[in-house]
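Participant: Could you have a look at this structure, given as structure tokens, before my questions?
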Amino acid sequence: MKIRTATLNDLDALTAVEAECFPAAEAATKKDFENRLAYYADHFWLMFDENDKLIAFVDGMVTDEADLTDEMYEKGEMHNENGAWQMIFGVNTIPSCRKKGYAGELIKAAIEDARKQGRKGLVLTCKDKLIHYYAKFGFVNEGVSPSVHGNVVWYQMRLTF
């Protein structure tokens, strides 16, 4: 498996994988990804199989804001390359490739990059059924997030270095 950061050429593949992984109300659109790639393509971790097919990715902006807000999902211009916190907006693995550790490899890559870049840590939101999964990587549950993204209850989790 190959891991690399993104370019605008990955736009269609990212959009397709996102659509496979999230309900329409929660999924980022092609326009959302176009905006994100314009500001922080280096904060996408993409995994490809041996046929060079995108099978999983993790993405998110960097900011000095301590908490992940819904506004961040759509406003790539909020990215601050020198920010303290690496936000994680999505952890995506196509259904046929799940339960093989690919998402975990990408999360570890994001954590390692954030550490090397001198960040304070990483922040993500997740549904209650995934709290235990992210805890394995050192993320701590901070309770219900103010996020109303997709009309779902989200929990904010933080990994502090």
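Participant: If ILE88 meets every condition in (1) in contact with a strand residue (DSSP E or B) (Cβ under 6 Å, 6 or more places away or on another chain); (2) surrounded by fewer than 21 Cβ atoms within 10 Å (Cβ to Cβ) apart from one, which number is that one?
Facilitator: For ILE88, the failing item is (2).
This table checks each residue for (1) modelled with pLDDT of 95 or more; (2) assigned to a helix (DSSP H, G or I); (3) not polar (S, T, N, Q).
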| site | (1), (2), (3) |
| --- | --- |
| TRP45 | yes, no, yes |
| ILE55 | yes, no, yes |
| MET72 | no, yes, yes |
| ASN82 | yes, no, no |
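Participant: Also, I was wondering about something else. Quick one: count up the residues across the range 21-71 that are free of Cβ contacts under 8 Å to residues at least 12 places away in the same chain and touching a Gly at 6+ places or on another chain (Cβ under 6 Å).
Facilitator: Total meeting the criteria: 0.
Participant: Which ones in the range 129-161 are at negative phi and among the polar types (S, T, N, Q)? Please lay out each step first, then the result.
Facilitator: Within the range 129-161, the first condition is being at negative phi, and the residues that meet it are 129-137, 139-142, 144-149, 152-161.
Residues satisfying the conditions are ASN141, SER145, SER147, GLN156, THR160.
Participant: Return the total of residues in the range 95-121 being closer than 14 Å to VAL62 by Cβ and touching a Phe, Trp or Tyr at 6+ places or on another chain (Cβ under 7 Å). Let's see the steps before the verdict.
Facilitator: As a first pass, look at the range 95-121 and keep what is closer than 14 Å to VAL62 by Cβ: 110-111, 113-121.
From the residues that got through so far, the ones that are touching a Phe, Trp or Tyr at 6+ places or on another chain (Cβ under 7 Å) too are 110-111, 115, 119-121.
Qualifying residue count for the region: 6.
Participant: I'd like the full set of residues that are among the aliphatic types (A, V, I, L, M), more than 22 Å from ASP113 (Cβ to Cβ) and assigned to a helix (DSSP H, G or I), limited to the range 1-38.
Facilitator: Our first condition is that a residue be among the aliphatic types (A, V, I, L, M); within the range 1-38, this holds for 1, 3, 6, 8, 11, 13-14, 16-17, 19, 24-25, 27-28, 37-38.
Among the residues that remain, those that are also more than 22 Å from ASP113 (Cβ to Cβ) are: 16, 19, 24-25, 27.
Scanning the range 1-38 gives ALA16, ALA19.
Participant: Shifting gears a bit: Listed residues ALA13, ALA66, ALA110; which is small (Gly, Ala, Ser) and loosely packed, with under 15 Cβ neighbours inside 10 Å?
Facilitator: Details: ALA13 fails: loosely packed, with under 15 Cβ neighbours inside 10 Å; ALA110 fails: loosely packed, with under 15 Cβ neighbours inside 10 Å.
Going through ALA13, ALA66, ALA110 in turn, the sole match is ALA66.
Participant: Quick one: ALA103 ticks every box in (1) among the aliphatic types (A, V, I, L, M); (2) without any contact (Cβ under 8 Å) to a residue 40 or more places away in the chain; (3) surrounded by 19 or more Cβ atoms within 10 Å (Cβ to Cβ) bar one, so which box is it?
Facilitator: (2)
Participant: On the basis of being closer than 20 Å to ASP10 by Cα and either touching a strand residue (DSSP E or B) at 6+ places or on another chain (Cβ under 9 Å) or modelled with pLDDT of 95 or more (or both), does PHE139 make the cut?
Facilitator: No: the conditions fail for PHE139.
Participant: Right, here's the next one. Please verify whether the range 85-94 includes one or more residues that are part of a loop (DSSP other than H, G, I, E, B) and in contact (Cβ under 8 Å) with a residue 40 or more places away in the chain.
Facilitator: Going through the range 85-94, the residues part of a loop (DSSP other than H, G, I, E, B) turn out to be 89, 94.
After this cut, where a residue has to be in contact (Cβ under 8 Å) with a residue 40 or more places away in the chain as well, the list is 89, 94.
Within the range 85-94, one or more residues are part of a loop (DSSP other than H, G, I, E, B) and in contact (Cβ under 8 Å) with a residue 40 or more places away in the chain.
Participant: Now for a separate question. Select from the range 111-161 the residues that are more than 17 Å from the chain's Cα centre (by Cα), under 17 Å from ALA84 (Cβ atoms) and in a helix (DSSP H, G or I) and list them in ascending order.
Facilitator: Passing the criteria: only LYS116.
Participant: Would you pick out the residues in the range 16-53 that are surrounded by 17 or more Cβ atoms within 10 Å (Cβ to Cβ) and over 15 Å from the mean Cα position of the chain (by Cα)?
Facilitator: Answer for the range 16-53, where residues must be surrounded by 17 or more Cβ atoms within 10 Å (Cβ to Cβ) and over 15 Å from the mean Cα position of the chain (by Cα): just PHE48.
The values are calculated or read from the model by the stated rules, or taken from the named source; none is laboratory data. Bear in mind the structure is a predicted one, so any value in this text is a computation, not a measurement. Note that we place each Cβ from the backbone using ideal geometry, even for glycine, and neighbour counts take in every protein chain shown.
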